[in-house]
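Q: Please read through the structure below; I'll follow up with questions.
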Amino acid sequence: DTAVSQTPKYLVTQMGNDKSIKCEQNLGHDTMYWYKQDSKKFLKIMFSYNNKELIINETVPNRFSPKSPDKAHLNLHINSLELGDSAVYFCASSQVGYPTDTQYFGPGTRLTVL
Amino acid sequence: GNSVTQMEGPVTLSEEAFLTINCTYTATGYPSLFWYVQYPGEGLQLLLKATKADDKGSNKGFEATYRKETTSFHLEKGSVQVSDSAVYFCAGGMNRDDKIIFGKGTRLHILP
């Protein structure tokens, strides 16, 4: 039983395309996150949602749009992909959403933009 | 703003060596402190945590003690194994803030 799952695991696409990454958690948590990890392993938060409501929206281009249809799902849609979007994207969840909560991460989606 | 400073890697050790990875959190106040580990090709997972001063977190032979005077949370293991090769992230968070802060990660290589 995977706690936080993401699809797809790998995504290879051309510049200019639009793509989506899906995330689901079966932990009953209220808060979900998207992180971007670059090639140096630096982890940067992008968004967080609590019960479908946007809480954190870091300085991320408008081409990135998160959508949370319910509190168990948080999807990430990216328009007009650029080379610099190549990275590993991690979804995570936590029980309430406090910074003191433990976060549970998905396995990641490696996005390669050609 | 708040920040987490951790030892830069990569760190390369032989099997059975003693490991220390330093971590310091800079902020006004006392956060909960965490160590997360990322094995190759996987997401991060919690290794250990401490929520207040003098707490010790421990798991899988790793330990870290929350030192209040320096807001530090150094990760230690007495005898590392090849399977400990991974990237280790220190992190901290306070409820009055909006998000947890991660360090830049330390890559650890253990040689057989």
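Q: How much of the accessible area of chain A, probe 1.4 Å, is carbon plus sulfur, in whole percent? Display every interim value, and only then the final one.
A: On the way: 2750 of 5630 Å².
C and S atoms contribute 49 percent here.
Q: Send over the semi-axes of the protein assembly as shown's equivalent ellipsoid, whole angstrom and largest first, taken as the square roots of 5 times the C-alpha gyration tensor eigenvalues. Could the numbers behind the result be given before it?
A: Values: eigenvalues 176, 88, 47 Å².
So the three semi-axes of the protein assembly as shown are 30, 21, 15 Å.
Q: Related question: Given a 1.4 Å probe, how much area per residue of segment A:16-114 is accessible, in Å²? Can you show the working numbers first?
A: Numbers: 4540 Å² over 99 residues.
Per-residue accessible area for segment A:16-114 comes out at 46 Å².
Q: Moving on to the next point. I'd like to know which of B:Thr12, B:His109, B:Gly1 lies farthest towards the positive end of the charge dipole of chain B, counting +1 on Cβ of Lys and Arg and -1 on Cβ of Asp and Glu.
A: Positive-most Cα among the choices belongs to B:Gly1.
Q: Dividing the alpha-carbon radius of gyration of chain A by 2.2 N^0.38 Å (N being the number of residues), what value is obtained?
A: Values: Rg = 13.2 Å, N = 114, 2.2 N^0.38 = 13.3 Å.
Taking N as the residue count of chain A, the ratio is 0.99.
Q: On to the next question. State, to one decimal in nm, how far the label point of A:Lys40 lies from the label point of A:Thr102, with both points 7 Å from Cα in the Cβ direction.
A: 3.1
Q: Using a 1.4 angstrom probe on the protein heavy atoms only, line up A:Thr7, A:Thr112 by accessible area, largest first. Before the final figure, lay out each step's value.
A: Numbers: A:Thr7 80, A:Thr112 50 Å².
Final ranking, largest accessible area leading: A:Thr7, A:Thr112.
Q: Here's a follow-up. In whole percent, what relative contact order does chain B give with Cα contacts below 8 Å and a gap of six or more residues?
A: Details: 290 pairs, mean separation 40.9, N = 112.
It comes to 37 percent, rounded to a whole number.
Q: Between A:Ser80 and A:Thr112, how high is the FRET efficiency from 1/(1 + (r/R0)^6) when r is the Cβ-Cβ distance and R₀ = 22 Å? Nearest 0.05.
A: Working: r = 16 Å, r/R0 = 0.73.
Calculated transfer efficiency: 0.85.
Q: Considering only DSSP beta bridges where both residues belong to the protein assembly as shown, give the percentage that are antiparallel (nearest 5). Walk me through the intermediate numbers first.
A: On the way: 70 of 78 bridges.
Restricted to the protein assembly as shown, the bridges split so that about 90 percent are antiparallel.
Q: Continuing with the same structure: What percent do you get for the relative contact order of chain A when only Cα pairs under 8 Å and 6+ apart count?
A: Details: 288 pairs, mean separation 41.9, N = 114.
Relative CO of chain A lands at 37 percent.
Q: Would you mind giving the total buried accessible surface between chains A and B, with a 1.4 Å probe and ligands, DNA and RNA left out, rounded to the nearest 100 Å²? Intermediate results must be reported in sequence, preceding the final value.
A: Values: alone 6520 and 6170 Å², together 10940 Å².
Chains A and B together bury roughly 1700 Å² of accessible area.
Q: Got a sec? Which residues in segment A:93-114 would a label at A:Lys67 touch, if it sits 7 Å along Cα→Cβ and we count backbone N under 12 Å?
A: none
Q: Under a crude label model (7 Å from the Cα following the beta-carbon direction), how far is A:Glu53 from B:Thr20 in nanometres?
A: Going by the 7 Å Cα→Cβ label model, 4.6 nm.
Q: Now for a separate question. Quick one: compute a quarter of the convex hull surface over the Cα atoms of chain B and quote it in nm².
A: Values: hull surface 26.6 nm².
Quarter of the Cα hull surface area: 6.6 nm².
Q: While we're on this one: Mind jotting down the distance between the C-alpha centroids of segment A:28-106 and segment B:3-63, whole Å?
A: Centre-to-centre (Cα) distance: 22 Å.
Q: In Å², what does the accessible area per residue of segment B:21-62 work out to with a 1.4 Å probe?
A: On the way: 1850 Å² over 42 residues.
So segment B:21-62 comes to 44 Å² accessible per residue, rounded to a whole number.
The values are calculated or read from the model by the stated rules, or taken from the named source; none is laboratory data. Just so you know, these numbers come straight off a predicted model, no measurement behind them. We place every Cβ from the backbone using ideal geometry, glycine too, and count neighbours over all the protein chains shown. Quick note on the areas: whole protein, heavy atoms, side chains included, nothing else; ligands and nucleic acids left out. Shrake-Rupley method; radii C 1.70, N 1.55, O 1.52, S 1.80 Å.
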